[in-house]
Amino acid sequence: MLKLSDIKSSDEELRDYYAQLRTQHVTPAWIGGGISIEPRSKAVPHVWRWRALRPQAMRAAELVGTEQAERRVLRLTNPELPGVSASNTLVANLQIVMPGEIARAHRHSASALRLIIEGTGGYTVVNGDRVPMSPGDLVLTPNWTWHDHANDTDEPMIWLDGLDTPLVRALEAGFYEEYHRETQPVGEGAGSPRWHYPMAEARAALERLAAENSGSPFDGVILEYTNRVTGGPVMPTIACHIQLLRPGEATQAHRHVCCTNYHVIEGAGYSVVGGQRLDWEDKDVFTVPTWTFHEHVNSGDRPAFLFSFTDAPVMRALDLYREEAKA
């Protein structure tokens, strides 16, 4: 009859054996910690407030030029991921380009997005396509595409950067290359609509659905930006969404196996994330760690528009994605 074996070794024998293993850089799995019953993120819920961030971005523009910094970026770092990123696999950065400045052309393995916060008339060049940038617009610079930025207006351009850099770094798959000139020639690409999702279009679609009383009990009226060629997520590692919460609307709590970084395009309210209340208003940024219950409330008297980006495409591709409503 087959059964579990029961071997009672002395503490001294086990200590000696474990010491021998350590000299060979081997660790016995049975003393290395228990099996994880469910995901427990190192990251914690957190909100970064625009009213505090903007003065720091302007100060950065006074202290550091785009000649000195490859990108003049303020990295939003999770309190439990010091100096690293906003969430485990995705960074959320604040980038500023002042009037008359450029940010030189380069490309990298990391996929990136720009959600424009402030300024109208600056642009990004992606593989030779000049892409306009207005508040609320989503601009993509997918993996290994050449991209540079320019501000030909008389006002600062500030946007939220989202990249999958931590994921690429964890996979040890990162490459980086500088363009042979500071900027790319414009007009060599095949058309900027591939990289550009105007806020005006998203707003119109959300307001139309809101008028029809459509929506999700967990996210209000929500739309996913899709790849204009494949119909899938905008990039293989990053999915982007925009949602509208009607005045007074409160969603139900749910959680999913993907980390999510949010940007408040406009509106005021709060989200309860892992039991913690995160109050937010225009242009704030907040993060929801993976497998953490969260719900949203629009406490204002106007619609709230939230942009978000997640690593859900990675989780789905690996068959790790799941969702759960709070009982």
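Brief remarks on what is shown
- Compared with the dominant principal axis of the Cα atoms in the chain, helix 199-211 is inclined by about 70°.
- Range in the chain, longest, excluding exposed trypsin sites (Lys or Arg not before Pro) [loop by DSSP; at most 16 other beta-carbon atoms within 10 Å]: 72-180
- Estimated D of the stretch 275-327 in µm² per second, where Rh is the Kirkwood radius over Cα pairs and Stokes-Einstein applies at 37 °C, 0.692 mPa s: 241 µm²/s
- Total formal charge among the other residues, if their Cβ is under 13 angstrom from that of LEU163, Lys/Arg +1 and Asp/Glu -1: +2
- At an R0 of 45 angstrom, the distance between the Cβ atoms of GLU13 and TYR321 translates into a FRET efficiency of 0.50.
- Longest segment of the chain lacking GluC sites (Glu not before Pro) that sit in a DSSP loop with at most 15 other Cβ atoms within 10 Å: 213-327
- Student exercise, the chain dipole from Lys, Arg, Asp, Glu Cβ charges, in Debye to nearest 20: 380 debye
- Accessible carbon and sulfur surface of the chain relative to its total accessible area, %, 1.4 Å: 52 percent
- Point-charge dipole on Cβ atoms (K/R +1, D/E -1) for the stretch 170-235, about Cα centre, debye to 20: 260 debye
- Centre separation in Å (Cα based) which lies between the stretch 277-303 and the stretch 66-88: 21 Å
- Cβ-Cβ FRET estimate between VAL64 and ILE102, R0 fixed at 22 Å, reported to 0.05: 0.90
- Normalised per residue, the accessible area of the stretch 63-179 is 37 Å², obtained with a 1.4 Å probe and no contribution from ligands, DNA or RNA.
- Residue of ILE31, ILE116, ILE158 that the Gaussian network model of the chain assigns the largest fluctuation, springs spanning Cα pairs under 10 Å: ILE31
- Computed from Cα atoms, the angle from the helix 11-23 axis to the main principal axis of the chain rounds to 40 degrees.
- With respect to the chain, whose longest principal axis is taken over its alpha-carbon atoms, helix 50-63 is tilted by about 70°.
- Expressed in Å, the radius of gyration and Dmax of the Cα atoms of the stretch 142-251 are 17.9, 53.
- Based on C-alpha pairs under 8 angstrom that are at least 6 apart in sequence, the stretch 234-327 has a relative contact order of 44 percent.
- For percent of Cα pairs over 30 Å apart, calculated from these coordinates, the label among (1) 46; (2) 34; (3) 40: (3)
- Note on the chain: dipole from Cβ charges, positive end direction compared against LEU163, THR120, LEU94; the farthest Cα belongs to LEU163.
- Semi-axes of the equivalent ellipsoid for the stretch 58-152, Cα gyration tensor, largest first, Å: 21, 17, 13
- Near-label residues of the stretch 97-128 by backbone N, under 19 Å of a point 7 Å along Cα→Cβ of ASP152: 97-106, 119-128
- Per residue, the chain reaches -4500 deg cm²/dmol at 222 nm when only DSSP H runs of four or more residues are counted, each adding -39500 (n - 2.57).
The values are calculated or read from the model by the stated rules, or taken from the named source; none is laboratory data. Just so it is clear, the structure is predicted and the values come from calculations on it, not from any experiment. Don't worry about glycine lacking a Cβ; one is built from the backbone with ideal geometry, like all the others, and counts go over all protein chains shown. Remember, those area values only see protein heavy atoms, side chains included, never the ligands or the DNA or RNA. Shrake-Rupley method; radii C 1.70, N 1.55, O 1.52, S 1.80 Å.
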